[in-house]
Amino acid sequence: MSKTFDVIVIGAGPGGYIAAIRAAQLGMNVACIDEWQNASGGPAPGGTCTNVGCIPSKALLQSSEHFEQANHHFAEHGISATNVKMDVAKMLARKDTVVKQNNDGILYLFKKNKVTFFHGRGSFASKSEAGYEIKVSGKAQESLTAKQIIVATGSSARALSGVAFDEVNVLSNDGALRIGAVPKKLALIGSGVIGLEMGSVWRRLGAEVTILEGLPTFLGAVDEQIAKEAKKIFDKQGLNIQLGVKVGDIKNSKKGVSVSYTNAKGEAQTLDVDKLIVSIGRVPNTTGLNVEAVGLQLDERGAIVVDADCKTALPGVWAVGDVVRGPMLAHKAEEEGVAVAERIAGQHGHVDFNLVPWVIYTSPEIAWVGRTEQQLKADGVAYKSGTFPFLANGRARALGDTTGMVKMLADAKTDEILGVHIIGPQASELISEATVAMAFKASAEDIARICHAHPSLSESTKEAALAVDKRTLNF
Ligand code: FAD
Ligand code: NAI
């Protein structure tokens, strides 16, 4: 006998578990299926984000930043810390505890909201008058039916062709988060978000890190002025980032990994390292869903085809998060999940794709929302720009972290804020003010006229807004 629900969600990453909770809040009878297993074979909801993405990477970034501070910056404060050691096993165990707290938190939220959780793989079986039949294969086999299905199966690391991840020497984001001892030499392919975050973790812990990037430009999606500043800082930190390379043969042996590549000058090079992290983007997870059973359409990348409202061409079938178009970000997945649950309930769920903030959690952090200066130029928009360096901010001086700046771009005529770009301390927190301001269509002058607490890093945002009108007070 098939168990009947109003909504079945396949995948319990940030897109799926949030959609399930919101649908339950709106009075629907909801099932959520997820196949992720923890080390003891139990359920581990939360998807990539919780298990091998956002959460564990930020745990390691925090631990390694403490180590970096103790080694290189405590002395400025008069604190002597000699013989500082990193216990990698303990650092990884702490990270695992943080992950488990999040897994358990989601299971608790399912109970609280009366979402029925199934641990196993969900796949389409058939379509009938009663709705879509979803088969769950796991420790127990189940058949579930609902008229509304939300697919939130996420994404997985893309491998280089012909070079499989063994998670011992050639690592995806998964293996990169559980290297048991600091490698002497580490290479990363791809200087995107994972390359920079993971490269930073292991560099801070003492690895000699080389990042090989195929494109000639660094962080092409980031505002050019900010990307240039970032490259300067990362070079100084000792991250060896090589742009415009062409990766060739990769040999994986017991001794380590040998990477052949051609550098930007066209010279043949060989890099021998202990570990290689491949971070060249991610692919949507659709194998195992048996989309053929119901005729669910995929695009050439294997992503599920949806419209702006996350609707597929099949009535009642929706898809959200990394498995569809758009940026692969946890908060984007969550917003889509909420909006779809609300649409199913007959409400007007909404996601503003122009206001999805980005954060790269390096040190300094890089965060932005809205359009970059190069995009405004390409779009032919007349704009004004204001920047304010953290060097002139009292709180940043007190923190001992004065690298970077806040940059605000506003419409030349109306003064409406079009983009905010930050590199510096706590950029991940500072970007929220800009996102809220832009959601309310604020002008630069609106921010400039708002009282900001002193001393705070957020005063730099206010000063950048003043700079748009060429009237900074502290610089
Ligand atoms: P996922 O989180 O991938 O979840 C999908 C779930 O579906 C998984 O649990 C999977 O097991 C399950 N599943 C798949 N197929 C089936 C099936 N057939 N049946 C049952 N279950 C199935 N984003 C940020 O916004 N901020 C960050 O700081 C950040 N850091 C990251 C760091 C790393 C190293 C990585 C790899 C990613 C990071 N991301 C970050 C991206 C973020 O993790 C993803 O955008 C987000 O997890 C996408 O959510 P999702 O729900 O679409 O998919
Ligand atoms: P990415 O898309 O950020 O970067 C991949 C990089 O690899 C690009 O610069 C690309 O030019 C380069 N590349 C691709 N093929 C290559 C090749 N053959 N040789 C050399 N370079 C090559 O992808 P990444 O870092 O794997 O991360 C995947 C996604 O996960 C991100 O795009 C982001 O959506 C998400 N993520 C988000 C984080 C955050 O929000 N802080 C942190 C980590 C990941």
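Readers should treat all values here as calculations from the given coordinates under stated rules, not as data from a laboratory. Keep in mind that this is a model prediction, so the values were computed, not measured. FYI the Cβ positions are ideal-geometry reconstructions off the backbone, even for glycines, and counts take in every protein chain you see.
Residue by residue, region 37-53 carries 3J(HN,Hα) couplings of 10, 7, 4, 9, x, x, x, 9, x, x, x, 4, 3, 7, 8, 9, x Hz when phi is fed to the Karplus relation 6.51 cos²θ - 1.76 cosθ + 1.60 (θ = phi - 60°); x denotes Gly or Pro. Take the Cβ atoms of Leu473 and Leu355, set R0 to 35 Å, and the FRET efficiency comes out at 0.80. Beta bridges per DSSP, both residues in the chain: antiparallel share near 65 percent. Remark on region 364-468: hydrodynamic radius 13.4 angstrom, per the Kirkwood mean of 1/r across alpha carbon pairs.
Hand me the tally of lysine pairs in region 290-417: alpha carbons under 21 angstrom apart, and the pair either on different chains or 8 or more positions apart. Walk me through the numbers before you get to the answer.
Values: Lys311/Lys332; Lys377/Lys407; Lys377/Lys413; Lys384/Lys407; Lys384/Lys413.
The number of close lysine pairs in region 290-417 is 5.
The alpha-carbon of Lys265 sits under 15 angstrom from the alpha-carbons of these aspartates and glutamates, leaving out residues fewer than 8 places away in its chain: Glu213. Count Lys and Arg as plus one, Asp and Glu as minus one, and take only other residues whose Cβ is under 13 Å from that of Val136; the net charge is then 0. Only Cα sites of region 218-369 enter the Debye sum here, all with the same form factor; the resulting log10 I(q)/I(0) across q = 0.09, 0.18 1/Å is -0.48, -1.13, listed in q order.
Just flag the chymotrypsin sites (Phe, Trp or Tyr not before Pro) in region 379-464 sitting in loop per DSSP whose Cβ has no more than 12 other Cβ atoms within 10 Å.
Details: sites: Tyr383, Phe390, Phe440; in loops: Phe440.
Passing both the DSSP loop test and the Cβ count: Phe440.
You can think of it this way: the chain between Asp299 and His454 has 50.7 nm of extra reach, that is 0.36 nm per residue less the Cα-Cα gap.
Once the Cα atoms are used to define both axes, helix 88-112 deviates from the longest principal axis of the chain by about 50 degrees.
Going through region 197-303, which GluC sites (Glu not before Pro) have at most 15 other Cβ atoms within 10 Å and a DSSP loop state? For GluC sites (Glu not before Pro) across region 197-303 that sit outside H, G, I, E and B with at most 15 neighbouring Cβ atoms in 10 Å, the list reads Glu267, Glu300. When all alpha carbon pairs of the chain are counted in 20 Å bins from zero, the resulting P(r) reads 22, 51, 26, 1 %. Rounded to the nearest 10 degrees, the inclination of helix 193-204 to the longest alpha-carbon principal axis of the chain is 60 degrees. For a straight C-alpha distance cut-off of 13 angstrom, the aspartates and glutamates reachable from Lys139 (same-chain residues fewer than eight places away being disregarded) are Asp34, Glu35. Taking all C-alpha pairs of region 170-277, those more than 25 Å from each other amount to 17 percent. Remark on Thr145: its backbone amide H falls under 5 Å from those of Lys3, Thr4, Phe5, Ile134, a criterion applied only to residues 5 or more positions apart or on other chains, H modelled at 1.01 Å from N. Under the combined filter of DSSP loop state and at most 16 neighbouring Cβ atoms within 10 Å, region 369-475 retains these trypsin sites (Lys or Arg not before Pro): Lys413, Lys441, Arg449, Lys470, Arg471.
Restricting attention to region 170-277, close to 50% of DSSP beta bridges with both partner residues there are antiparallel.
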